[in-house]
């Protein structure tokens, strides 16, 4: 944090603003925690533990919404959408639904994820109709 969020004074690596005397130590610790959780999220992703990566990224974004975290979130959503489409093509609907559910933590109102939910439901209903027709 370079500037005080209260008065916009330059901080010079201090936790108390010299101009308005605001104690910024909690905010600084929060930003450091967000960086730590973002690093964990990236590490989890690199070892292909996407579920843990999503959880860690969610914690990071709740602490502080940095540009790097937002870009990583968008990247993760894009990558997982490709994985989910592959699962749907292979007719692994339950696994696709589980992946979609975990992705909703990152972007609850994402139009793209909502459309994938609807597509998953459509394929599920279509499969049920085929099973009933064959009975």
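No lab work stands behind these numbers, since they all come straight from the coordinates. This one's a predicted model, so the numbers in the text were calculated from it and none came from an experiment. Methodologically, a virtual Cβ is constructed for each residue, glycine included, from the backbone with ideal geometry; neighbour enumeration extends over all protein chains shown.
Taking every Cα-Cα distance in the chain and sorting them into 5 Å bins from zero, the calculated P(r) comes out as 2, 10, 16, 15, 13, 10, 9, 8, 6, 4, 3, 2, 1, 1, 0, 0 percent.
Shown for 57, 63: other C-beta atoms within 10 Å of each C-beta, ranked fewest to most, produce the order 63, 57.
Normalising the average separation of contacting C-alpha pairs (under 8 angstrom, six or more residues apart) by the number of residues puts the relative contact order of the chain at 14 percent. Which angle from 0 to 90°, rounded to the nearest 10, does the C-alpha axis of helix 93-103 make with the longest principal axis of the chain? So the inclination is approximately 10 degrees.
Let me know the shape class of the range 71-135, please: from the alpha-carbon gyration tensor, a ≥ b ≥ c as square roots of the eigenvalues, rounded when a/c is under 1.5, otherwise prolate if a/b is greater than b/c, or oblate.
prolate
Relative to one another, the C-alpha centroids of the range 1-37 and the range 60-96 are positioned 32 Å apart. Relative to the longest principal axis of the Cα atoms of the chain, the long axis of helix 67-89 lies at roughly 10 degrees. The angle between the Cα long axis of helix 25-46 and the main principal axis of the chain comes to about 30°, on a 0 to 90 degree scale.
Going by neighbour counts of Cβ atoms within 10 Å, the residues 71, 83 line up, fewest first, as 71, 83.
Residue order for 1, 116, fewest other beta carbons within 10 angstrom first, comes to 1, 116.
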